[in-house]
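**Student:** Before I ask anything, let me first share the structure, which is written out below as structure tokens.
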């Protein structure tokens, strides 16, 4: 049929919008009181939480961070720093990590309390004079604020109860559970192997990797570094690890411990010692991770500014002892020594407690600027991840001027915008003939070269003060 008139047909915009990677998304591995959660199914699964309520609903919460290590990050991120989201991976499995116990209870005011944590409510059996009572008919069982089971009786004349139950054994979790692996029989990943499932499941690229309480083990830290350096083959993240303060209990021992145990990666932030806030004890890695997130949030979600010299919600530095904890006094000269050994710490000098240190674990052995400064390394990871996300939809497209120009225009505009925001000092992308020989183009290989310069942290401001005697001449000038 012949057409008559004027019409418009729209083509897709040739300039694509870059897909921005999540620069500082933390993925935290550890244990949670899953018995307090709404479901027991969140075991060895990445769980995304934007708030403390979401976390507690999905994984349960307890102040017992020694046994339930994920609670530390939930408390710090959502209550102290008010930042999110955070991805949590709980390796405590209620089907495997449990024991059976029994106890006798006194009943007062028709209530009895099992004064222990970790009880799996569905396993609870309640007996009175060897007669098993029925749930919701003879009694109602629920958790109190301390994670203990309260049995409220619906029948009269009961003074004692016998109870049987399964109880979680978080103390049975070892470093191997955090490291995890791949089960050939079930086809499922566990532990740190799940880092590769975060992006496929959540469409969010990990930016930081933590395992508070476990990363002080050299084997765990080594796996964290390895996994963070190659996520889904293409992406990179930063690992945050803690020094074992029971072994390195003074600042003079930290560097030897760090080098002996190979905490020397460019994608690794090494933290010492522990941080205290009232009665709570945090690993410094969680503090630094939350400070990185908070600083990026304050900069429009760009990760280029260092977390160093930014405030931390803490009141003291601590090291672990056999009997508890000892407080550490750290001066600026001692903190500077640690920094120059590639160790991040905290300092109470001017402006209250602050994160202190810009170097990754690679310093001082490595001197490449992109590898030694934490904010530069994180920004470099973020740039690389974003480039992959943005150019992925061009894969398998026909090589030609249209593809070349689309990538150059899209990425150039993005890089120019980052320069305008102060995220980069300068940047450009080039398509060079010497990078694209005919043999490679014939094989379906096309290369773009990116040049970037991130701002380094101004960690040494040198103010020169000089006495100038010429000002005495002003005494001879008439007013």
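Here is a yes/no grid of residues against (1) surrounded by 15 or more Cβ atoms within 10 Å (Cβ to Cβ); (2) modelled with pLDDT of 55 or more:
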site	(1), (2)
20	yes, no
23	yes, yes
33	yes, yes
50	no, yes
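**Student:** Among the residues of region 41-59, write down those that are in a loop (DSSP other than H, G, I, E, B) and touching a residue at least 60 places away in the same chain (Cβ under 8 Å).
**Tutor:** Listed by number, the residues that qualify are 44, 45.
**Student:** Do you know which residues across region 445-475 are exposed (fewer than 10 other Cβ atoms within 10 Å of the Cβ) and outside any helix (DSSP H, G or I)?
**Tutor:** Across region 445-475, the qualifying residues are 458, 460, 461, 462, 463, 464, 465, 466, 467, 468.
**Student:** In region 390-411, how many are over 13 Å from residue 447 (Cα atoms), over 31 Å from the mean Cα position of the chain (by Cα) and surrounded by 14 or more Cβ atoms within 10 Å (Cβ to Cβ)?
**Tutor:** 2
**Student:** Would you tally the residues in region 208-230 being in contact with a helix residue (DSSP H, G or I) (Cβ under 6 Å, 6 or more places away or on another chain) and closer than 16 Å to residue 198 by Cα?
**Tutor:** Number of matching residues: 5.
**Student:** Give me the helices (runs of 4 or more DSSP H) completely within region 174-262, filtered to those with at least 1 residues that are over 16 Å from the mean Cα position of the chain (by Cα) and in contact (Cβ under 8 Å) with a residue 60 or more places away in the chain, ordered by residue number. Talk me through it step by step, then tell me what you get.
**Tutor:** Working: elements: 175-179, 198-202, 218-228, 251-260.
Qualifying helices (runs of 4 or more DSSP H): 175-179, 198-202, 251-260.
**Student:** Next question, about the same structure. Residue 126 versus (1) part of a strand (DSSP E or B); (2) surrounded by fewer than 20 Cβ atoms within 10 Å (Cβ to Cβ); (3) not assigned by TED's automatic domain parsing to the domain that holds residue 77: which is the lone unmet condition?
**Tutor:** Just one mismatch for residue 126, condition (2).
**Student:** Look at region 266-303 and say how many of its residues are within 17 Å of the chain's Cα centre (by Cα) and not in a helix (DSSP H, G or I).
**Tutor:** Residues of region 266-303 that are within 17 Å of the chain's Cα centre (by Cα), as a first pass: 266-272, 274-275, 282-297, 301-303.
So of that shortlist, the ones also not in a helix (DSSP H, G or I) come out as 266-272, 274-275, 282-283, 301-303.
Counting residues in region 266-303 that are within 17 Å of the chain's Cα centre (by Cα) and not in a helix (DSSP H, G or I) gives 14.
**Student:** Another question, then. Report yes if some residue within region 364-375 is free of Cβ contacts under 8 Å to residues at least 40 places away in the same chain, surrounded by 10 or more Cβ atoms within 10 Å (Cβ to Cβ) and under 24 Å from the mean Cα position of the chain (by Cα); otherwise report no.
**Tutor:** no
Quick grid of which residues meet (1) buried (at least 17 other Cβ atoms within 10 Å of the Cβ); (2) in the same structural domain as residue 30 (by TED's automatic domain parsing):
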| position | (1), (2) |
| --- | --- |
| 59 | yes, yes |
| 72 | yes, yes |
| 84 | yes, yes |
| 89 | yes, yes |
| 110 | no, no |
| 116 | no, no |
| 119 | yes, no |
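**Student:** Checking residue 79 against (1) at pLDDT 95 or above; (2) within 25 Å of the chain's Cα centre (by Cα); (3) not in a loop (DSSP other than H, G, I, E, B), only one condition comes out false. Which one?
**Tutor:** Among (1) at pLDDT 95 or above; (2) within 25 Å of the chain's Cα centre (by Cα); (3) not in a loop (DSSP other than H, G, I, E, B), residue 79 violates only (1).
**Student:** Of 424, 415, which residue is under 30 Å from residue 375 (Cα atoms) and either surrounded by fewer than 15 Cβ atoms within 10 Å (Cβ to Cβ) or free of Cβ contacts under 8 Å to residues at least 60 places away in the same chain (or both)?
**Tutor:** 415
Here is a yes/no grid of residues against (1) out of contact with any strand residue (DSSP E or B) (no Cβ under 7 Å at 6 or more places or on another chain); (2) closer than 30 Å to residue 101 by Cβ; (3) crowded, with 21+ Cβ neighbours inside 10 Å:
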{"site": "187", "(1), (2), (3)": "yes, no, no"}
{"site": "194", "(1), (2), (3)": "no, no, yes"}
{"site": "213", "(1), (2), (3)": "no, yes, yes"}
{"site": "219", "(1), (2), (3)": "yes, no, no"}
{"site": "222", "(1), (2), (3)": "yes, no, no"}
{"site": "235", "(1), (2), (3)": "yes, no, yes"}
{"site": "243", "(1), (2), (3)": "no, no, yes"}
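The values are calculated or read from the model by the stated rules, or taken from the named source; none is laboratory data. Since we're looking at a predicted model, the values are computed, not measured. As a convention, Cβ positions derive from the backbone with ideal geometry for all residues, glycine included, and neighbour counts pool all protein chains shown.
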